[in-house]
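Written out below as structure tokens is the structure these notes cover.
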There are 2 protein chains.
Amino acid sequence: MIDFSRVSDPTAGVVLCFSGGLDSTTLLYHLREQGREVLALSFDYGQRHRRELAVAARIASLAGVEHRVADLRSITSLLGGSSLTDPTVPLPHGHYTHESMKATVVPNRNMIMLAVAAGWAIARRAGFVAYAAHSGDHAIYPDCREEFARAMGEAISLADWHCVKLLRPFVGWDKARIVRRGMALAAPLHLTWSCYEGGEVHCGRCGTCVERREAFRLAGLPDPSE
Amino acid sequence: MIDFSRVSDPTAGVVLCFSGGLDSTTLLYHLREQGREVLALSFDYGQRHRRELAVAARIASLAGVEHRVADLRSITSLLGGSSLTDPTVPLPHGHYTHESMKATVVPNRNMIMLAVAAGWAIARRAGFVAYAAHSGDHAIYPDCREEFARAMGEAISLADWHCVKLLRPFVGWDKARIVRRGMALAAPLHLTWSCYEGGEVHCGRCGTCVERREAFRLAGLPDPSE
């Protein structure tokens, strides 16, 4: 019997699911402060807020970390539209409700993104995949549940002979705490992008804009972005 | 609290991971005999044996089931080449060995394919994802392990409020039994494609060709393909 635990030599590198938003930008700086090598991975799933991909590239470059974009557009089109990708589906405004949040779901998006991130971690012999799950993740998304994350962590750890671990360092944190942590780390929060609309400045009305504003208010800090 | 178990109404439809090979073709006919509606999903991961995609389409059309191809080529190129996709990496010949099989691995391919298949099942409100795992799946592939399949089944069942189940009806079957079952179901095994090389007929030398020949020999049946 081959001792597979000796086949590979995992490093401490982390593949970070990186949207260029508040949470994942803070997590990038958080992981780097811990001395980890970060590989930032963004996902092009045809989002109408294309700007977030450019923002992600800019922040990664500023932080000096490698950044790649996984193109999931052909998969998104197979799985059908949601308001995040299909301009004919209106975006919900204001606080999220059960119905308005369901409209923003791309079926199984989290599993697909984590599977690709884990693939990149295996290819690059990184020991970890990380994403910025936090306490504000909404129970309307089935794949934001603890049980889901645990099962995915288990599957990822078994997907290769060198065991890749799933990290969620902000689990239990609220967005205000993340904002304070990002500010303390001097993360470039003024560059981050949250808005689901495709405009040049934050619309201030969509669900993520409303949440972003509230996070800064609760943190007692001004939002440095426009 | 919303009773999410009542939000959706799953059907008995099955998304089948469908390569157009012996195993998944037999599974297609096996599931249809059980009265299930099959949605066949193939994966374009840039395989040099492009012919398998055309073969899959032809068999699905013959069987009268819906067939789609998920284009994973951009993800494959992100994850780096293997001998299955990169013509500069020589394909191993003859019986698989530890080293030659490692060369055919696309990192985390099974998780990525299952994640996309589960996404399509959620989008189409199918109750199941199926794939043709069998006893000949090799222990050299970490993501062919039972533990991996169990963890993925758990994650898939939690990825949506309507619980999608992962089916592996041929677990414990060897390839000879699959060949006999396919013949009994009058599945068009003469159309199926196994070879990893990109030729017009089976090369007879690569690992899957060798296994295919052996399966027919053990089943005591002639291989109806060229």
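So the values come out like this:
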| read-out | value |
| --- | --- |
| Some residue of region A:186-197 being away from chain B (no Cβ under 14 Å), modelled with pLDDT of 95 or more and assigned to a helix (DSSP H, G or I) | no |
| Given (1) in contact with a Gly (Cβ under 9 Å, 6 or more places away or on another chain); (2) farther than 30 Å from B:Asn110 by Cβ, number of the condition A:Lys165 does not satisfy | (2) |
| Filtered residues of region A:38-53 (kept if modelled with pLDDT under 95 and either part of a loop (DSSP other than H, G, I, E, B) or closer than 14 Å to A:Phe128 by Cα (or both)) | A:Tyr45, A:Gly46, A:Gln47, A:Arg48, A:His49, A:Arg50 |
| Filter result for A:Leu41 (within 13 Å of chain B (Cβ to nearest Cβ) and within 15 Å of the chain's Cα centre (by Cα)) | yes |
| Criterion violated by A:Gly80 - all others in (1) at pLDDT 90 or above; (2) at positive phi satisfied | (1) |
| Qualifying residues in region A:129-149 (those that are of a type in the set (A, V, I, L, M, F, W, C) and crowded, with 17+ Cβ neighbours inside 10 Å) - the one farthest from the other protein chains (Cβ to nearest Cβ) | A:Ala132 |
| Of residues in region A:5-32 being assigned to a helix (DSSP H, G or I), over 14 Å from A:Leu167 (Cβ atoms) and not β-branched (Val, Ile, Thr), the one modelled with the highest pLDDT | A:Tyr29 |
| Test result for A:Ala126, in a loop (DSSP other than H, G, I, E, B) and at pLDDT 90 or above | yes |
| Residue count, region B:150-179 (criterion: over 18 Å from A:Cys144 (Cβ atoms) and either facing chain A (nearest Cβ under 9 Å) or in contact with a His (Cβ under 9 Å, 6 or more places away or on another chain) (or both)) | 14 |
| In region B:135-177, the residues that are in a loop (DSSP other than H, G, I, E, B), within 26 Å of B:Ala215 (Cα to Cα) and modelled with pLDDT of 90 or more | B:Arg168, B:Pro169, B:Phe170, B:Val171, B:Gly172, B:Trp173, B:Asp174 |
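So that you can scan it fast, the table gives a plain yes or no per residue for (1) among the polar types (S, T, N, Q); (2) surrounded by fewer than 19 Cβ atoms within 10 Å (Cβ to Cβ); (3) in contact (Cβ under 8 Å) with a residue 60 or more places away in the chain:
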{"site": "A:Leu185", "(1), (2), (3)": "no, yes, yes"}
{"site": "A:Ser194", "(1), (2), (3)": "yes, no, yes"}
{"site": "A:Glu197", "(1), (2), (3)": "no, yes, yes"}
{"site": "A:Val210", "(1), (2), (3)": "no, yes, yes"}
{"site": "A:Gly220", "(1), (2), (3)": "no, yes, no"}
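The values are calculated or read from the model by the stated rules, or taken from the named source; none is laboratory data. Just so it is clear, the structure is predicted and the values come from calculations on it, not from any experiment. Every residue, glycine as well, gets a Cβ built from its backbone with ideal geometry; the counts of neighbours run over all protein chains shown.
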